[in-house]
Amino acid sequence: MAYDFKEIENKWVGKYDGFDGFHGKDFEDKEKKYVLVEFPYPSGEGLHVGHVFSMTGTDVYARFLRMKGKNVLFPMGYDAFGLPAENYAIKTGINPKITTKQVTERIRGQMRRLAFSFDWEREVNTTDPDYYKWTQWIFTKLFEKGLAVKEERAINWCPKDKIGLANEEVIDGKCERCGTETERRIMSQWVVKITAYAERLLAGLKDTNFIEKVKAAQINWIDKSMGAKIRFPIKGREEKIEVFTTRPDTLLGVTFMVIAPENKLVAGLMENSAIRNYVNETKKKSEMERTELLKEKTGVFSGLYAINPINGKEIPVWIADYVLATYGTGAIMAVPSHDERDGAFARKYAIEFDNEFVPDEKLMEEILDMGVGEEAVNYHLRDWIFSRQHYWGEPIPMVNCPNCGWVSVPEDQLPIKLPDVEKYLPTETGESPLANITEWVETDCPKCGGKAKRETDTMPNWAGSDWYFLRYCDPKNETVLADMEKMKYWMPVDVYVGGDEHNTLHLLYSRFIYQFLWDLGAVPKGIPEPYDKRLSHGVILGSDGNRMSKSVGNVIAPDAVGDVYGTDVLRTYMMFMGPFDSTMAWNERSLVGVRRFVERFYSFVNENKGNYSTTSIEGMRIIHKLAKGVGEDLGQFKFNTAIAKMMETINELNKNKTEVANAELSMMVRIIAPFAPFAAEEMWNSLGGEFSVHVQNWPEVDEKYLTSEKVTLSIQINGKLRGTVEAATDATEEEVRAAAEEQEKVQKYLSEGNIRKVIYVKGKTINFVVA
RNA sequence: GCCGGGGUGGUGAAAUGGUAGCCACGCGGGACUUAAAAUCCCGUUCCCUCUAAAGGAGUGCGGGUUCGAUUCCCGCUCCCGGCACCA
């Protein structure tokens with residue numbers, strides 16, 4: 001019976017629709033495992049190969065855990081708000097609701113065909129009002145706790161599209177939509193104070209088992225530095241300039257100060273034309289230009305002098321944009337002899353160096369004791385600009401009342417549904433298109449009942465994905481974001497699989513929101529962090545070794561590969577390509593090798609089934625070893641070596657023409673099942689097994705088949721391999737030594753000197769030290 | 001510059017202190033076939049060698065620890081990823 005994947009897939013694919021075996025069972029009295037893979041943005045292209053790769057690996061793992069008797073929660077959903085759908089709507093005039101529905105249906109079909117064992121009863125969609133009701137609710141809580149405030153902030157502005165852009169929408173200083181150079185503009189924006197949680201976000205990492213690189217990325221992004229704040233009096237003025245420094249001991253080497261052009265002091269100096277020109281020039285520059293690394297530093301003298309608090313020396317104060325308003329205090333004490341940047345600036349403007357002093361970090365306390373300042377901590381982490389002037393996002397549930405100011409929409413009035421609009425483009429003033437819908441904007445103040453206006457900004461793409469892992473625990477709850485008892489049962493996420501590109505922002509934002517909900521008492525007290533393990537999946541490159549992109553034309557469509565090779569081969573091939581977390585290039589030729597393997601496996605089972613009543617001892621040994629080895633590999637996401645072991649097994653069984661009885665064939669079928677679910681189901685069925693192989697137990701390993709009486713040991717002479725010897729597993733040194741010394745070659749080498757020492761490692765090696 | 005991860009055959013890779021290169025691709029040879037495809041079998045780190053036996057070299061480079069190092073330690077180098085005028 002030849003392997004006909006199309007027939008097999010068609011026969012079984014529908015059997016898993018609504019299949020109870022893949023449901024996570026709330027409160028079931030088994031060990032729970034919450035296995036999560038990042039949900040996709042549903043793009044018009046459907047799932048790409050990268051999705052298929054990460055989802056297959058996670059699916060294999062989830063299937064394995066189920067077979068190991070765990071109660072597995074393995075959910076899926078769609079992160080469906082976002083720019084591509086909005087841009088498509090701008091182009092075609094079609095409501096993104098419609099396109100999103102079409103695309104999610106297509107993706108669900110792809111996932112079904114790829115045999116992903118998701119719990120479809122828990123599917124979520126971030127654009128569903130029943131879902132974003134709670135995204136909005138979280139925002140109202142942030143506001144009520146003072147963690148969401150509306151502030152003037154500089155944002156990236158596209159003068160052509162007349163729209164504010166988030167940093168991620170600016171590519172190389174240009175607008176992602178039209179390619180126009182962006183400018184900076186000050187606009188009133190909702191800002192979420194994630195910096196208030198900087199220390200918590202650092203400290204919480206100890207409660208997680210993230211892989212090293214993920215932890216490092218988080219620590220790096222938050223970037224805590226310890227130092228001091230030091231105040232410098234200004235000559236002839238009341239104000240002082242406060243600076244943050246990590247090296248207060250360099251205070252003696254300070255020869256000038258620099259303040260950012262945005263510093264408060266600068267506003268009072270604008271009568272000076274040189275200063276005015278410089279500040280205006282700086283405003284025009286984008287963040288990108290200002291932080292250009294190799295750029296020559298520029299600045300202008302402010303006319304002010306500060307007093308070094310430690311030695312009373314007068315030092316000039318400069319204004320320069322290499323000092324960032326957004327970090328520290330927006331002012332620095334410059335130590336040209338000690339800091340490269342200060343040095344470059346001093347050389348350019350011929351400011352005096354002081355090379356005499358010797359800094360000494362141990363003096364920090366002593367210097368602070370002199371009353372010049374106090375210890376301080378600074379974080380690189382910046383607050384989170386939460387406003388977008390886009391249509392296709394969650395409306396920010398806030399009302400602006402002339403009497404009460406900003407008022408959050410009460411829970412019983414949520415969700416604030418996204419209204420339909422005629423035009424999806426932002427307005428002339430840069431407000432979101434929602435601003436055009438007067439009847440929507442005009443509302444009553446929830447507090448005083450007077451006339452008021454709705455916020456027309458929408459939330460960033462991150463908002464919906466910040467808490468989706470909670471909703472999966474209880475996706476249909478109408479009274480709270482998720483039932484506390486259900487969260488207690490399922491949380492934390494045991495394994496979270498995702499891309500490196502989400503190791504900073506998404507992971508940090510979602511940890512922050514979780515910690516905030518924790519403080520609110522909205523999530524279980526005993527669970528301080530949302531994710532236990534975080535793994536990153538690898539990247540699949542095109543066959544030319546470059547990132548897949550439409551313009552290069554190296555994109556692999558998973559559907560097309562599935563048409564030619566079938567789901568089972570596609571899945572198994574992807575898992576065989578290399579380690580799960582590495583970067584790998586697609587290789588059509590290697591795909592053939594995996595097809596050969598799957599066919600051989602399938603034929604082997606068919607040729608043996610029903611023909612033998614017992615399996616030889618050798619066969620038992622091979623198959624039990626396989627069950628053990630693959631089990632160990634799957635628990636560690638080592639899919640490539642698991643498949644290598646299966647290949648080895650089939651080769652060995654075929655070569656020895658081993659006769660295998662149905663009981664052991666059934667073991668083999670269960671072992672391959674997580675990788676090749678359709679073929680495994682067919683083989684299981686043909687062995688007389690009941691539907692479904694995927695809810696069977698992982699094969700029990702009988703250790704008695706794994707302990708062989710004989711092993712091959714290496715014979716080393718001075719550490720060099722000179723032969724091998726067969727011996728009983730528990731043979732004594734004397735026995736092995738005698739057997740080794742019988743060998744002619746060994747005798748030759750031993751005769752070259754005297755045996756000084758013999759090292760015998762049971763089951764591995766015997767090493768003669770000869771001199 | 002800082003942080004994280006790497007460097008092993010022609011290629012993807014395996015081995016985490018004990019026979020380096022499992023498994024797979026590719027390549028070479030053979031079987032089957034009128035022929036091709038498919039399939040199956042044998043070989044395939046490099047050097048020396050007609051071949052084989054035997055030997056030598058070999059996991060980025062240099063050192064160290066050890067009876068023994070791809071694996072542990074020190075120094076260097078190159079590549080990939082993240083962050084970066086962050087005071």
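The values are calculated or read from the model by the stated rules, or taken from the named source; none is laboratory data. All values derive from a computational prediction rather than experimental measurement. Here the Cβ is made from the backbone with ideal geometry for all residues, glycine too, and neighbour counts use every protein chain on show. With ligands, DNA and RNA removed, areas are computed over all heavy atoms of the protein, side chains included. Shrake-Rupley method; radii C 1.70, N 1.55, O 1.52, S 1.80 Å.
Of A:T724, A:T729, all but one fail to be within 18 Å of A:K625 (Cβ to Cβ) and β-branched (V, I, T); the exception is A:T729. Taken over the range A:320-336, the residue count meeting the criterion of being within 6 Å of RNA strand B (Cβ to nearest atom) and under 30 Å from the mean Cα position of the chain (by Cα) is 3.
Report whether or not A:F27 is farther than 26 Å from A:T135 by Cβ and open to solvent by 10 Å² or more (accessible area, probe 1.4 Å). Answer is yes for this residue.
Could you count how many residues in the range A:200-221 are assigned to a helix (DSSP H, G or I) and either within 10 Å of RNA strand B (Cβ to nearest atom) or free of Cβ contacts under 8 Å to residues at least 12 places away in the same chain (or both)? I'd like the intermediate steps shown before the answer.
Going residue by residue through the range A:200-221, those that are assigned to a helix (DSSP H, G or I) are A:200-207, A:212-221.
Subset that is either within 10 Å of RNA strand B (Cβ to nearest atom) or free of Cβ contacts under 8 Å to residues at least 12 places away in the same chain (or both): A:203, A:206, A:212-221.
The number of residues fulfilling the criteria is 12.
What number of residues within the range A:727-763 satisfy the criterion of being without any contact (Cβ under 8 Å) to a residue 24 or more places away in the chain, more than 9 Å from RNA strand B (Cβ to nearest atom) and open to solvent by 80 Å² or more (accessible area, probe 1.4 Å)? Of the residues in the range A:727-763, 8 are without any contact (Cβ under 8 Å) to a residue 24 or more places away in the chain, more than 9 Å from RNA strand B (Cβ to nearest atom) and open to solvent by 80 Å² or more (accessible area, probe 1.4 Å).
Given the options A:E242, A:E262, A:E238, name the one that is free of Cβ contacts under 8 Å to residues at least 12 places away in the same chain and either part of a strand (DSSP E or B) or open to solvent by 40 Å² or more (accessible area, probe 1.4 Å) (or both). Exactly one of A:E242, A:E262, A:E238 is free of Cβ contacts under 8 Å to residues at least 12 places away in the same chain and either part of a strand (DSSP E or B) or open to solvent by 40 Å² or more (accessible area, probe 1.4 Å) (or both), namely A:E238. Taken over the range A:542-563, the criterion of being open to solvent by 50 Å² or more (accessible area, probe 1.4 Å), out of contact with any His (no Cβ under 9 Å at 6 or more places or on another chain) and either more than 12 Å from RNA strand B (Cβ to nearest atom) or on the phi > 0 side of the Ramachandran plot (or both) is satisfied by A:D544, A:K550, A:S551, A:V552, A:G553, A:D559, A:A560, A:D563.
For the range A:3-11, the criterion of being touching a strand residue (DSSP E or B) at 6+ places or on another chain (Cβ under 8 Å) and surrounded by 22 or more Cβ atoms within 10 Å (Cβ to Cβ) is met by none of the residues. Any chance the range A:690-708 includes a residue that's away from RNA strand B (no atom under 13 Å from the Cβ), of a type in the set (S, T, N, Q) and buried (at least 17 other Cβ atoms within 10 Å of the Cβ)? Within the range A:690-708 (the criterion being away from RNA strand B (no atom under 13 Å from the Cβ), of a type in the set (S, T, N, Q) and buried (at least 17 other Cβ atoms within 10 Å of the Cβ)), the answer is yes, since at least one residue qualifies. Of all the criteria given as (1) in a loop (DSSP other than H, G, I, E, B); (2) of a type outside the set (A, V, I, L, M); (3) within 15 Å of RNA strand B (Cβ to nearest atom), the one not satisfied by A:T250 is (1). Restricting to the range A:364-388, name every residue that is away from RNA strand B (no atom under 14 Å from the Cβ), farther than 12 Å from A:K229 by Cα and either of a type in the set (D, E) or out of contact with any strand residue (DSSP E or B) (no Cβ under 9 Å at 6 or more places or on another chain) (or both). Matches in the range A:364-388: A:E365, A:E366, A:D369, A:M370. Checking A:L665, A:L721, A:L713 one by one, the residue that is open to solvent by 60 Å² or more (accessible area, probe 1.4 Å) and outside any loop (DSSP other than H, G, I, E, B) is A:L721 and no other. Filter the range A:536-569 down to the residues that are closer than 25 Å to A:A680 by Cβ and not in a loop (DSSP other than H, G, I, E, B) and list them by number. Once the filter is applied, which keeps residues that are closer than 25 Å to A:A680 by Cβ and not in a loop (DSSP other than H, G, I, E, B), the range A:536-569 yields A:I540, A:P558, A:D559, A:A560, A:V561, A:G562, A:D563, A:V564, A:Y565, A:T567, A:D568, A:V569. Among the residues of the range A:67-122, write down those that are in a loop (DSSP other than H, G, I, E, B), open to solvent by 60 Å² or more (accessible area, probe 1.4 Å) and either free of Cβ contacts under 8 Å to residues at least 24 places away in the same chain or under 22 Å from A:A463 (Cα atoms) (or both). Matches in the range A:67-122: A:I94 only. One residue alone among A:G610, A:G566, A:G578 is within 30 Å of A:G46 (Cβ to Cβ) and surrounded by fewer than 22 Cβ atoms within 10 Å (Cβ to Cβ), and that residue is A:G578.
The set of residues from the range A:153-166 being in contact with a strand residue (DSSP E or B) (Cβ under 7 Å, 6 or more places away or on another chain) and either under 15 Å from A:I385 (Cα atoms) or modelled with pLDDT under 75 (or both) comprises A:R153, A:A154, A:I155, A:N156, A:W157, A:D161, A:G164, A:L165, A:A166. Looking only at residues of the range A:624-659 that are assigned to a loop (DSSP other than H, G, I, E, B) and within 16 Å of RNA strand B (Cβ to nearest atom), we find that the one that is most open to solvent (accessible area, probe 1.4 Å) is A:K657.
Out of the range A:668-689, which residues are part of a loop (DSSP other than H, G, I, E, B) and within 16 Å of RNA strand B (Cβ to nearest atom)?
Here is the first cut: in the range A:668-689, the ones part of a loop (DSSP other than H, G, I, E, B) are A:673-676, A:687-689.
Scanning the range A:668-689 gives A:F675, A:A676.
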